[in-house]
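Q: This structure is in structure tokens; I'll ask about it shortly.
The values are calculated or read from the model by the stated rules, or taken from the named source; none is laboratory data. Predicted model only: the values in this text are computed from it and were never measured. Cβ coordinates were reconstructed from backbone atoms using ideal geometry, including for glycine residues, and neighbour counts include every protein chain displayed. Only protein heavy atoms, including side chains, enter the accessible area calculation; ligands, DNA and RNA are left aside. Shrake-Rupley method; radii C 1.70, N 1.55, O 1.52, S 1.80 Å.
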Amino acid sequence: MAFMAVLESDLRALSAEARRRYPAVKDGAEHAILKLRSLSSPSEIAHNEDILRIFLMACEVRTVKLSVIGLSCLQKLISHDAVAPSALKEILSTLKDHAEMADESVQLKTLQTILIIFQSRLHPENEENMAQALYICLRLLENNRSSDSVRNTAAATFRQAVALIFDHVVHAEALPVEKFGSGGHILDPAQLLVMLLGNEPVSGEKSLTRGILTNAGKLGLRLLEDLTALAAGGSAIWLHVKSLQRIFALDILEFILSNYAVIFKTLGPYEQVMRHQICSLLMTSLRTNAEIEGEAGEPSFRRLVLRSVAHIIRLYSSSLITECEVFLSMLVKVTFLDLPLWHRILVLEILRGFCVEARTLKILFQNFDMHPKNTNVVEGMVKALARVVSNVQVQETSEESLAAVAGMFSSKAKGIEWSLDNDASNAAVLVASEAHAITLAVEGLLGVVFTVATLTDEAVDVGELESPRSEYDSVSKFAGKTAVLCVAMVDSLWLTILDALSLILSRSQGEAIVLEILKGYQAFTQACGVLHAVEPLNSFLASLCKFTINFPNEAEKKSAVLSPGPKRPESLVEPRESVVLTPKNVQALRTLFNIAHRLHNVLGPSWVLVLETLAALDRAIHSPHATTQEISTAVQKLPRESSGQYSDFSILSSLNSQLFESSALMHISAVKSLLSALCQLSQQCMTEASSGFGPAVSQKIGSISFSVERMISILVNNLHRVEPLWDQVVSHFLDLADNSNQHLRNMALDALDQSICAVLGSEQFQDYVSSRLNGTSDDMETRHKGLRLLECSVISPLRVLYFSTQSADVHAGCLKILLHVLERHGEKLYYSWPDILETLRSVADAPEKDLVALGFQSLRVIMNDGLTSIPTECLNVCVDVTGAYSAQKTELNISLTAIGLLWTTTDFIVKGLLHGPPEEKETSILDEHPILRQLDGELKEEQTPEATDKVNDQAPTVNIIDHDKLLFSVFSLLQRLGADERPEVRNAAVRTLFQTLGSHGQKLSKSMWEDCLWNYVFPALDRSSHMAATSSKDESQGKELGTRGGKAVHMLIHHSRNTVQKQWDETLVLVLGGIARLLRSFFPFLSSLSNFWSGWESLLLFVKNSILNGSKEVAIAGINCLQTTVHSHCLKGNLPMPYLISILGAYKHVIQKSTNYTGNAASKVKQEILHGLGELYVQAQRMFDDQMFSQLIGIIDLAIKQAITTNENFESEFGHVPPVLRTVLEILPLLHPTELISSMWLVLLRELLQYLPRSDSSLQKNDEEVSKPALLIMYQSLGRCMTTRRDNPDGSLWRVAVEGFNRVLADDFCKFTGNFGPDSRINRPMRTRVWKEIADVYEIFLVGYCGRAIPSNSLSAEALKADEALEMTILHVLGDKILKSPIDAPVDIFPGLLAELFFLSSYDNEAGDWSSTRSEVSKISIRVLLTRCEYTMNRFLMDEDLAGERPLPSARLEEIFYVLQELAHLRIHPETASVLPLHPNLKSVLADKEDHKKCPHLFVLFPTFCDLVITREARVRELVQVLLRLITRELSLEKVGIAS
């Protein structure tokens, strides 16, 4: 109801305005107000003409205010559909009248009302109303009195009216209106093109059009015809317009053509008008052969014409083939004519538009270039654009123009519209115009490029073309329409485009234009790759590569070298290759990388072009003289580390690496193509490098290095599918290794090393190995076959290269590679071992020392770490190869180490022997001899730790071949090496042979042992013995080291090895040592073998001969061999008696026959024999009987006598013991008889005592001497030895005798006293003699002349102290063992012993012989004496109580009497008294007295004296009374008279 209220308000305003001058209008308005109140809706108003009539009446007055109010109200009524259609004619008549009014507001209201009519239900449906409505607009447009705003509004109203009319046509004709906007909306041409040409018919196909039109269609057709006539400069009959600006009419036509293409495509009459009238108009307007005058020559008109032509070509070329062909020919022709620059620019804009619209260009190329009867208009357009670009070369302002072009591209890239300054000069305008033309041409060419790329992508999307990610197929044919179209476009246009783009790229420096052109390069090149257009692809790549790196040509280098200036000799020697990368170079390189990444699967042979550039880039990156343009011009002195120039280099280097790393994503055929290109590049450079010289050669080598590195990179990144690539890569490496250039050979070897290790270290190869070890039965054969082929193909190049080349450095390189392979991946190999071992075997015979060393390093790796991975059938080859290195004479250390490897081999074989199938093993030693099972653990401990660790890491796999044969092959090899002329080699072989048998003998079978003994062990002994006996004894010189003073200088050789015979003696010693080890470890088992006794006898015979006739070291080795057997098996009871007797007999034989065997060596050998006899008895004493013991003692006695007889100065050298006798003394303590042969003690002791000093009466033995017990003889002999103290106080004999005497009494006293029991075999008289002998020894040594001996002044303080210790010890034994013990010695010996103690303890002030030694002896003696005295007195009291009334024996009474009397007479020194256990106060009292006749010892025995007071013996009481009085006197308590 708001509309009704507004309408009423307008009526009131109208009434108020017309109130004075126009009462009729006033009355009508008031009447209408009343009438309006009775109406409720616009439709009721439409049926009541009173409301409309009052407004028309107001307009008829033709006053401005009333007309404005009336027109406004009319607009409201029409907008709200409140006007009946029948009133349209009257309304239009009113509007026509108002159009003639001069007031601007009325005219504008009129135009607004016209537009509202076209937008409402009153849209004219007949020709008259339509023509009248449009006429009003044109009238106001063409009226000279109309203001600019009215004319502009009229033009806009007319344009909108036309749009509404054609929208009405589309609606009336039931055309797809939903696809298009309203008439007021102008669609984007490209968007419109996509919608219209979705199913555009190709040339030759007829489209279906309608010929019958609706009324609305007819009205639109009449309007179109009149507009065409007006645009042509004629009059519009239907519109009743005689003339109209052609520009305006053409603008309306262009609007209709661009926005209502569906009408022209669907309705036949419209198409005919377009074909015959519009096209004719446009063709006429395009002509440039005559002078164009008036409006048609203005740029705005030409622009409209060209835009219209562009729409015709863009939207209707399929139906207007001929017309569009003419249009395109005319447009292309314009670019050739000498027309104003603005004209050509307009044309270039049109052509550029065609080129940048992919659909338009596609339709044009399909309809014309691909049609045999039509002109190649697209090709013509491209050539025209290219000609515009190429003309820049001949322009005087070319540089300025190119700079302007770069500026335009830069502005466009930034989103800024490029424009000249307002005050720009004419020259600047000219340059800008020329640049604009060039820019349009370049953009057009780039548009063609991107169109080709877009269409190619579409073909890929719909499946007509394979994606560049798919596998390359060079023979594939294209059947899809789009694909065929793309191929045709490329073939037709690529050369023209390339020439133009390369020209502008070479002359341009702006970043934006360079980027755009490089994008074009990339897009077109990628399209060519997808289309398999090889020639265009290669051409574009070659052109692009020219812009990547600027290397100075030869002329520039020469001019730089010869240029005047200060001389620089270094530049004359080798001109440095200076490379400057401009931003263009960097962008071109990035473009090249993008192309390579995109087309890696389809480049094929074209890779060569790319790789040549990348090789040059690689040289530049690693060149110290390469830089970027900015840095080189601005901060040349900036250090490399701190400059920013190398950010580009690092990026390019990364891109360079990533390209080849991405080969993992390529198809295998593409990778092969890439590798082929790398090989081709490298081969070409090799050829040129071999024929060139100077810097060019270094460049070629750099390219070869690049190729090799990239081939390795490809290989590393394609390890998952390396099989089809390997041969191609390696064959080139082999060719490179055969080159004459040392650097190239090293490069090839390094590459081969990296490649082989990369393949063997790959996960795929590890999977192969795992499948070989753990594969199932189904896939085992297939996987093994693949693994075999791969492994052999990887390893075989080393063998091929080694045997095919004569170069020593290549040989060394092959061996280094093999070493690396074995160290890193040897455990993975399995099938290639025959080739490896064959190669290493041939190296062993090489004369070059370095080659042998390298080959042996590989062998060491195999033998130490790779035995588990070697097939069992190749182990014998390993042994043979190791033997070859052992026997080679190039390097001694290699031979020695190779022999050590044989030990490792045997250890491995024996482990396989233990773990092999049970049915293949014989019974071993451990099974037959349980005793040796205990030895097994000991033997394992003796193995070399290093070898044990190595072998333990290898799981035994030797379970198929004959282990015996394999072991015997090792033994045979060691036996042959044991006869080598080089002592070091044969000694090592001997050691290894016996070490092997000793370490693993317990795992060998009985038959194997028999073979070893008779084929290897004893023959080795015989051969060594024979060679030692027959070899030269001439002294030989060492290895010549050089010359000095004209004379040769030889290496010094130790005198023990300076003859061949001595060297063989060393070998013989090792053989004997090895036999000793075998006997120590396996004698129980070996003795059970058949014929072993004969071998043992031969061994004994050899030992006896070697002792009597051989060298000292051989003799000692023989003795040690026998002793080892004795020491190892006697205690365990494993040495049979015959073997023991034979050994003893051998020693006896040697001693008997050695009378003439003198000298230091003979002495040493005898010492060894004697030591051996002692050890033999110690180990086998349980097996000795009386006869054998007597034989042993006899042998020793014979040796002693020989030594004494041999030493003529024995008596004169008293105190010096010869070595042989010293050895006898060392072993004699070992020869104590066992319980089984205790009767031999007497024999032994008598034999020993005969070597001690004898008394004159005993020089001749008699029956009494023989009947003496051994113990008595021993004490007599020790006593005689102790008496030598008097004659030789500095000697050691008396000291040793004293120690022995003390040891007998101290350690064996209990046994000694036990022998005198009831069962003793020694009678009492003899026991008495023994005790008397002991007492005599004490008396003579301690008290007699011996004890008073004066030592020489030469004795040191330590010696004197030791002598004092001996005396103290003998006193302790006397007091603690003898005097305190209940022995049944004769009573008469005790007084003598006690007298000795009283004498040693006493002190005589008058004698004056007191000394420190005397003081120490008295201190010890007093303690022993008082202890014995106390014991005697206590014993007397006990015996008296036990006897009761019976008298005591006289001996007991005499003893107690003697003790008490001597105690009363004893006087001691104060120093002696200091050791008595007295109270401190008492000691101080005694010390104050100066009387030297002190008896402080009585205080110690005072309690015992008190006990003796009550004894029954009067004599004892008297003696005790005397002692007590002495004590009283000592205490100064004598009886004093009272008077005094």
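Q: So for 90, 1454, 173, 1445, what's the accessible-area order with a 1.4 Å probe, most first?
A: Sorted by accessible area, descending: 1445, 1454, 90, 173.
Q: I need the fraction of alpha carbon pairs in the range 768-905 separated by more than 18 Å, rounded to a whole percent.
A: Roughly 54 percent, once rounded to a whole number.
Q: Taking the alpha-carbon centroid of each part, what is the distance from the range 68-107 to the range 583-618 in angstrom?
A: Answer, in whole Å: 73.
Q: Show the residues, 5+ positions off or on another chain, whose built amide H is closer than 5 Å to the amide H of residue 267.
A: 210
Q: Using a 10 Å cut-off on Cβ atoms, rank the peptides 67-77, 1179-1189 from the highest mean neighbour count down.
A: Per-residue mean Cβ counts within 10 Å order the peptides as 67-77, 1179-1189.
Q: With a Cα-only, solvent-free Debye model of the range 484-536, what are the log10 I(q)/I(0) values at q = 0.15, 0.23, 0.26 Å⁻¹?
A: Result of the Debye calculation: -0.43, -0.85, -0.99.
Q: Rounded to the nearest 10 Å², what accessible area does residue 344 show when all protein chains are kept and the probe is 1.4 Å?
A: For residue 344, solvent-accessible area is about 70 Å².
Q: List, in the order given, every pair from 96/218; 828/965; 816/965; 1047/1164; 35/218; 333/414 whose Cα-Cα distance in the structure shown is over 31 Å.
A: Violating the 31 Å limit, Cα to Cα: 816/965; 1047/1164; 35/218; 333/414.
Q: Inverting the mean 1/r over all pairs of different Cα atoms, compute the Kirkwood radius of the range 62-168 and quote it in Å.
A: The answer is 13.5 Å.
Q: Please list the non-local residues whose amide H lies under 5 Å from the amide H of residue 628, H modeled 1.01 Å from N, same-chain partners needing a gap of 5 or more.
A: 581
Q: Take residue 1502, project a point 7 Å from its Cα along the Cβ direction, then tell me which residues of the range 1516-1533 have their backbone nitrogen under 14 Å from it.
A: 1523-1533
Q: Now for a separate question. Applying the Karplus parametrisation 6.51 cos²θ - 1.76 cosθ + 1.60 with θ = phi - 60° to the phi angles of the range 105-114, what ³J(HN,Hα) value in whole Hz is obtained for each residue in order, glycine and proline being reported as x?
A: 5, 5, 5, 5, 5, 5, 5, 4, 5, 4
Q: With a cap of 11 neighbouring Cβ atoms within 10 Å, and only residues DSSP puts in a loop, list the GluC sites (Glu not before Pro) found in the range 970-1025.
A: Answer by residue number: 981.
Q: When the Karplus curve 6.51 cos²θ - 1.76 cosθ + 1.60 is applied with θ = phi - 60°, which whole-Hz ³J(HN,Hα) does each residue of the range 794-811 get, with x for Gly and Pro?
A: Karplus-based 3J(HN,Hα) across the range 794-811 equals 6, 8, 4, x, 5, 5, 4, 5, 5, 7, 9, 10, 10, 7, 5, 5, 5, 4 Hz.
Q: Also, quick follow-up: Using only the heavy atoms of the protein chains and a 1.4 Å probe, how would 816, 414 rank by accessible area, largest first?
A: 414, 816
Q: Give me a comma-separated list of calculated 3J(HN,Hα) values for the range 1445-1454, in order, Karplus coefficients 6.51, -1.76, 1.60 applied at θ = phi - 60°, integers in Hz, x for any Gly or Pro.
A: Whole-Hz 3J(HN,Hα) from phi for the range 1445-1454: 7, 6, x, 7, x, 4, 5, 5, 5, 5.
Q: Can you sort 89, 265, 1494, 96 by solvent-accessible area, 1.4 Å probe, largest first?
A: Ranking 89, 265, 1494, 96 by accessible area, largest first, yields 89, 96, 265, 1494.
Q: Taking amide H positions as placed in the peptide plane 1.01 Å from N, state which residues far from residue 508 in sequence (5 or more) or on other chains have amide H under 5 Å from it.
A: none
Q: Moving on to the next point. Within the accessible area of the range 1097-1189, what % is carbon and sulfur when the probe is 1.4 Å and the other protein chains stay in place?
A: Of the solvent-accessible surface of the range 1097-1189, carbon and sulfur hold 51 percent.
Q: Right, here's the next one. Of the accessible area of the range 36-112, with the probe set at 1.4 angstrom, what percent is carbon plus sulfur?
A: Result for the range 36-112: 51 percent of the exposed heavy-atom area is carbon or sulfur.
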